[in-house]
Amino acid sequence: MTRTDEKVGYLPSSKDLFPTPKLAADGVENVLRILEGRWKLVILFHLFGGKVLRFSELEREIPAISQKMLIQQLRQMEKDGIVHRIVHHQVPPKVEYCLTAWGQALCPALDALLTWAIERPAEPTGHEPAP
């Protein structure tokens, strides 16, 4: 009989991935580079859950973003492997966007960030020790 721990592939802990503060800082810097930009997280939230949206639908969902900025942000996310661009060769042209599996895997991490932000103390002093 096979042991349960041999069947289940546990993810390595963050200590295994980033054994030193320097490596952890480099990892955070890389993540921030991929997600930097005012609109990337907003675009991601609109695409979570396996949604496939046309470019025009994304424009309507995010009215404050310019067309040029939306194109730039989508191109960067496509280059980074977060978003998949689907081109339908027809007239008029039809382009759709969806998240890659790697992009969809961001959902739990971003949910955790939202939860963290909601739990913010009313008046943080910045000098209180963590519980």
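Using a cut-off of under 15 Å, list every residue of region 45-81 whose amide N is near the label point 7 Å from the Cα of residue 38 along the Cα-to-beta-carbon line. Residues passing the 15 Å test: 62-74. In this simple spin-label model, placing a label point 7 Å from the Cα along the Cα-to-Cβ direction at both residue 104 and residue 54 gives a separation of 2.3 nm.
Which of 91, 83 comes first, and how do the rest follow, when ranked by fewest Cβ neighbours within 10 Å? Kindly include the intermediate steps, with their values, before the conclusion.
Working: 91 5, 83 22.
The fewest-first ordering by Cβ neighbours comes to 91, 83.
Full extension of the chain between residue 72 and residue 30 gives 13.2 nm of extra length, using 0.36 nm per residue less the Cα-Cα distance. Using the average count of surrounding beta-carbon atoms within 10 Å as a protection proxy, the listed peptides 66-72, 99-105 rank, highest first, as 99-105, 66-72.
Annotation: amide H-H contacts under 5 Å for residue 94 (H modelled 1.01 Å from N, sequence separation of 5 or more, or interchain): 88. Only alpha carbons enter this Debye calculation for region 40-117, each as an equal point scatterer, and the log10 of I(q)/I(0) it gives at q = 0.17, 0.22 Å⁻¹ is -0.66, -1.05.
We did not get these values from a lab; they are worked out from the coordinates using the rules stated. For clarity, every value in this text was computed on a predicted model and none was experimentally measured. A quick note on method: Cβ atoms are made from the backbone with ideal geometry, for glycine too, and the neighbour counts reach across all protein chains shown.
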